[in-house]
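One structure below.
The values are calculated or read from the model by the stated rules, or taken from the named source; none is laboratory data. Keep in mind that what you see is a predicted model, and the values were worked out from it rather than measured. Don't worry about glycine lacking a Cβ; one is built from the backbone with ideal geometry, like all the others, and counts go over all protein chains shown.
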Amino acid sequence: MAINTTLEALSDNGFGAAAAAYTVALICSAVEFSSRRTAATRSAGREYATVGAPGALLTRDGTPGGVPIVPIAGAQAGIGHIGRVGNEPKIPWGERFGKAGLLVTILGFAAHVFSIVTRGMSAGRMPLGNMYEFTSLICATVIGVWLAVKLRQRALGIGVFVLIPVVLLMYVAGAILHTPAAVLQPALNSYWKWIHVTTISISSGILLFSGVASVLYIVRTRWEVRGARPDSVWAKLPEPATLDRIAYRTAILAFPLFTFAVITGALWAEVAWGRYWNWDPKETCAFITWVIYAGYLHARSTAGWRGTKSAWISVVGFASMMFNLFFVNMVISGLHSYAGLN
Amino acid sequence: MSVRDDTHLRNDDQLDAPPASAPPPPPRGIGAWVAFARNIWRQLTSMRVALILLFMLALASLPGALLPQWNLNQAKTATFLINHPTLGPILNRLGFFGVFSSPWYAAIYLALFTSLIGCLVPRTWDFVKALRAKPVPTPRNLFRLPHQAGVAAAGEPEAVAGRIEAGMARWRRTRRSEPAGVLTISAEKGFLREVGNLVFHLSLLGLLAAIAVGKLLGFEGTIVVTEGGGFCSGSPSVYDTFRPGLLVDGTRLAPFCVDVDSFTAEYTDAGQATLFNAAIRYRTGAAAADATGTDGWTARNLQVNDPLRISGERLYLLGHGFTPSFQVTFPNGEVREASQTFQPSDGNLTSEGAVKFLNPPGYTGDEVRQHQLAIVGIFAPTAHSPGGVMTSIAPAPKNPGVAIQLYRGDLGMEDGASQSIFGIDQRQVDNGKLTKLTRANLMVGESMTLDDGTTITFTGYKQWVQLQTSYDPAQGYALIFAITLLTGLMLSLTIKRRRVWYRIKPGPDGGSWVEVGGLARTDQAGYGEEFDSLVDLARDRPPPLAKPGSSR
């Protein structure tokens, strides 16, 4: 089958656009996050503005000693009533950056999906034939999950932490893993391949998102344990309960999908290699990851293992997933390196 | 080791309750041993130990991924041992190069599965009891529950209760009476969650059993067959390598015969393979047992990802390579034909091998051993010889050539030691018994002549395929258990378990006062809007419009 190079170039452009958009979105959400008010100080700030004693200032971070942005009563005391805000307060810059970041993320996601689809069309097959292609799908999945979560919880401001691994992976995919679109070697030419690799990639993407939430959970609880200083940047993170819920809900979505992917992998191995389980390094690592996530789900309902301990287990699971995706493929050779025939 | 959230199993008041304090006085004698054993058993079946065992299993699997393993790659493992002369042998003795068959690995998973059984049995029993029991009585104070509401309802308690029950078709529920005309309804939902949980864990046991049976009764045999050749399965000795299960003695292999007619590989211009196809004929059963018969052959294409399945045994195309052929004219004029499978050594199928003539014609007695002939070298399907050094630049046989080195003398085959079929014993060269002669690069049809007049012609090549017969009688069961495992997992993660209680008290002017309490015991699921609709059941008017937005 011939490769359509026009489509391939289009796909590469889409990928580049997505990577650029995610990078811009990362910067935007970093600005948003750093200028974000914490839950505690936000309410204090609001109260401060409504009380609006003469000379009081609405400050950037909501604390009385912060940098003033709009002098409320002082400037308007002469023309308006004391305690009333004359004009609608301007949308803070952080929020604007947040909105811009979200918009750019959505545009990047569209470009990304376009890139994946055209890549598949250029090679006349599902775009999951090599590391570049499935890293791309993993990134798209993370962004997709993030957008879905954001849709339900508009106030959730963890975009910057979701985008950091995605942007890293996008650059790794584009700069190191990228290969021209090509036809598949016979060992990969099976319909099991599409089922197996699609589900592995999507579940990896979701687990990556879950892992980010667990890391943030650990950071946030540590901040609380260390005195919950309101001026710390970590005060801006969502409540631990929220992060824990996000990590858990995404994990229970991804875990059955991952189980399914491993089972289809075994079915495919039976067809391609003559045995459904070979303890090939990739399989072994998938098994380890599976066991760790099984441990995570059990730990969450075991007294003495809830909270930070469970979150650590989730992070270890996430690490083993990433290790399996990259290190095992690139460093350790096994059946999954497709060095079998030829 | 199943998840302990005991909504249906225990009285909720006991959840998370600390164990009874004031330990009983230590028993003595046999009682002490029983107590000790019981204590160990309790420890083993506790969730904490199960979790630790689970992580030990993950940790113990790690060397299986990071270190080379004997059963996967012997050459790589041997190289690792040579490169790590101190650490290697120690690791080898500890079983780190065969992790998944090592005793310590078995110890971990057996302990884990014992723990699992120890947890599953009582839990299944509890579940069966809970299935037969009525939903627990309504707590005295419903307002202590996480979800509560109180509503005034029109109608007598009896009518209100009937209305509520009519709206709870999918709940397990029971109605009880309290003094002073008070009615209560206890209801619960989500039993499938526990069913899924139990099915998931039982499936793990089933899967382990299926794997074990496969290890006991299965086998794998590989064989290299050149185009035009074939083999009949039926005895392990047919195969080049045979890996039997622990209970396989090789006497009960299902007989089948396979002939390989031809092999085709297709490549892109860049040299990437797109198709491997072996045209084979096979026959099974009684036809195969009749060695002289010619009946019952079925033609089939055997491809990667498309094995042949014959009554439980499966035949796979695993590899391919080349078998160069040579014609040798000895000094006495006698002509011998010989061909030998060569071993691919790179991606372009540059293949190494040796053709040995142990009984050269025209010699007798000790002279025979002094005039044995060996053709040692490489075969290149697309030969390229810059500066006379031949390599292959493409895997397809477009320009086949051989680069061969000739040896004459004693090949050392009579001392009983085994030799590689792909090379000669270098010690025979070193001790002078084997003489190194000339070398040459030959294309198909070209010849070379030795000092004694022997001519060697490279006449062509055939292709060989490596086939594998696999047998695992339990793999179908493994699949079934994998499916039930996944189904159970999904049930146990998605089904939400709820309890709800109503206390309906007679109110003034023929009305009722209804207290509702709800408890959602599922991890992180919450009750959401469902509780509101349960409260609405008590009212006699239609429920208000759906609440705007999600409260989650």
Exercise for the section: Please state which of the following conditions A:P256 fails to meet, knowing it meets all the rest: (1) under 22 Å from B:L51 (Cβ atoms); (2) at pLDDT 90 or above; (3) more than 7 Å from chain B (Cβ to nearest Cβ); (4) surrounded by fewer than 24 Cβ atoms within 10 Å (Cβ to Cβ). Expected result: (3)
Problem - Residue list for region A:213-265, restricted to those being in contact (Cβ under 8 Å) with a residue 24 or more places away in the chain and of a type in the set (S, T, Y) - result: A:S214, A:Y217, A:T221, A:T242, A:Y248, A:T250, A:T259, A:T264
Exercise for the section: With the condition kept exactly as written, say whether any residue in region B:265-274 is of a type in the set (A, V, I, L, M), buried (at least 17 other Cβ atoms within 10 Å of the Cβ) and more than 14 Å from chain A (Cβ to nearest Cβ). Expected result: no
Handout entry: Matching entry among B:V136, B:V121, B:V128 (being crowded, with 17+ Cβ neighbours inside 10 Å and either closer than 30 Å to B:E529 by Cβ or not charged (D, E, K, R) (or both))
Key = B:V136
Practice task
Scan region A:264-273 and give yes if some residue there is outside any helix (DSSP H, G or I), in contact with a helix residue (DSSP H, G or I) (Cβ under 7 Å, 6 or more places away or on another chain) and within 11 Å of chain B (Cβ to nearest Cβ), otherwise no.
Solution key: yes
Fill in the blank from the handout: Selection from region B:426-476 of residues farther than 18 Å from B:P400 by Cα, more than 14 Å from every other protein chain (Cβ to nearest Cβ) and aliphatic (A, V, I, L, M) yields B:V429, B:L434, B:L437, B:L450
Completion exercise
Per the filter on region B:49-62, residues more than 9 Å from chain A (Cβ to nearest Cβ) and within 18 Å of the chain's Cα centre (by Cα) are B:A60
Exercise for the section: Enumerate the pairs (first residue in region A:152-172 and farther than 23 Å from A:E133 by Cα; second residue anywhere and of a type in the set (S, T, N, Q) and assigned to a helix (DSSP H, G or I)) with beta-carbon separation below 8 Å, excluding pairs fewer than 6 apart on the same chain, so at least 6 apart or on different chains. Expected result: A:Q153/A:T242; A:L156/A:T242; A:G157/A:S29; A:G159/A:S29; A:G159/A:T105; A:V160/A:S29
Practice task
Residue by residue through region B:306-337, note down the ones that are over 19 Å from A:A272 (Cβ atoms) and free of Cβ contacts under 8 Å to residues at least 12 places away in the same chain.
Solution key: B:G333, B:V335
Practice task
Return yes or no: is B:D240 without any contact (Cβ under 8 Å) to a residue 24 or more places away in the chain, in contact with a Gly (Cβ under 9 Å, 6 or more places away or on another chain) and farther than 30 Å from B:L116 by Cβ?
Solution key: yes
Problem - Complete set of residues in region B:444-470 that are of a type outside the set (D, E) and without any contact (Cβ under 8 Å) to a residue 60 or more places away in the chain - result: B:V444, B:G445, B:S447, B:M448, B:T449, B:L450
Exercise for the section: Would you mind telling me which numbered condition in (1) surrounded by fewer than 16 Cβ atoms within 10 Å (Cβ to Cβ); (2) more than 14 Å from chain A (Cβ to nearest Cβ); (3) of a type outside the set (A, V, I, L, M, F, W, C); (4) over 20 Å from B:L59 (Cβ atoms) B:T79 fails? Expected result: (2)
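Residues are listed down the side, and each one gets a yes or a no for (1) closer than 30 Å to B:T251 by Cβ; (2) modelled with pLDDT of 85 or more; (3) surrounded by fewer than 17 Cβ atoms within 10 Å (Cβ to Cβ):
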position	(1), (2), (3)
B:Y477	yes, yes, no
B:I480	yes, yes, yes
B:I495	no, yes, no
B:R503	no, yes, no
B:G528	no, no, yes
B:F531	no, no, no
Exercise for the section: With the condition kept exactly as written, say whether any residue in region B:48-55 is under 30 Å from B:R144 (Cβ atoms), assigned to a helix (DSSP H, G or I) and at pLDDT 85 or above. Expected result: yes
Practice task
Could you tell me whether region B:84-97 includes any residue that is out of contact with any strand residue (DSSP E or B) (no Cβ under 9 Å at 6 or more places or on another chain), within 14 Å of chain A (Cβ to nearest Cβ), in a helix (DSSP H, G or I) and surrounded by fewer than 17 Cβ atoms within 10 Å (Cβ to Cβ)?
Solution key: no
Practice task
Examine region A:237-245 for a residue that is among the basic types (K, R) and within 14 Å of chain B (Cβ to nearest Cβ), and state whether such a residue exists.
Solution key: yes
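Scanning region A:183-213 for residues that are among the polar types (S, T, N, Q) and closer than 30 Å to A:L237 by Cβ, which turns out farthest from the other protein chains (Cβ to nearest Cβ)? Full working, then the answer.
The initial filter retains those residues of region A:183-213 that are among the polar types (S, T, N, Q), namely A:185, A:189-190, A:198-199, A:201, A:203-204, A:210.
In the following step, the residues that additionally are closer than 30 Å to A:L237 by Cβ were identified as A:201, A:203-204, A:210.
Working: A:S201: 18, A:S203: 13, A:S204: 17, A:S210: 13 Å.
Ranking the candidates gives A:S201 first.
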Practice task
Please go through region A:274-304 and pick out each residue that is under 22 Å from the mean Cα position of the chain (by Cα), buried (at least 20 other Cβ atoms within 10 Å of the Cβ), more than 7 Å from chain B (Cβ to nearest Cβ) and farther than 16 Å from A:R249 by Cα.
Solution key: A:A286, A:T289
Problem - Whichever residue in region B:322-375 is at pLDDT 90 or above, touching a Ser or Thr at 6+ places or on another chain (Cβ under 9 Å) and acidic (D, E) and, among such residues, is farthest from B:E266 (Cα to Cα) - result: B:E337
Handout entry: Scan of region B:451-471 for residues that are more than 45 Å from the chain's Cα centre (by Cα), modelled with pLDDT of 90 or more and surrounded by fewer than 20 Cβ atoms within 10 Å (Cβ to Cβ), ordered by number
Key = B:T455, B:T457
Completion exercise
When B:G150 is run through (1) out of contact with any Leu (no Cβ under 9 Å at 6 or more places or on another chain); (2) among the small types (G, A, S); (3) surrounded by fewer than 17 Cβ atoms within 10 Å (Cβ to Cβ), the failure sits at (1)
Completion exercise
When region B:98-115 is checked residue by residue, the ones that are assigned to a helix (DSSP H, G or I), under 20 Å from the mean Cα position of the chain (by Cα) and of a type in the set (S, T, Y) are B:S101, B:Y105, B:Y109
Handout entry: Matching residues in region B:422-443 - criterion: being in contact (Cβ under 8 Å) with a residue 24 or more places away in the chain, under 17 Å from B:L358 (Cα atoms) and charged (D, E, K, R)
Key = B:K433, B:K436
Exercise for the section: Determine if region A:217-228 includes at least one residue that is buried (at least 20 other Cβ atoms within 10 Å of the Cβ) and within 14 Å of chain B (Cβ to nearest Cβ). Expected result: yes
Exercise for the section: Output the residues belonging to region B:327-349 that are within 14 Å of chain A (Cβ to nearest Cβ), of a type outside the set (S, T, N, Q) and buried (at least 19 other Cβ atoms within 10 Å of the Cβ). Expected result: B:P344, B:L349
Practice task
Could you check B:L110 against (1) out of contact with any Asp or Glu (no Cβ under 8 Å at 6 or more places or on another chain); (2) closer than 23 Å to A:I288 by Cα; (3) of a type outside the set (V, I, T); (4) within 13 Å of chain A (Cβ to nearest Cβ) and say which number it fails?
Solution key: (4)
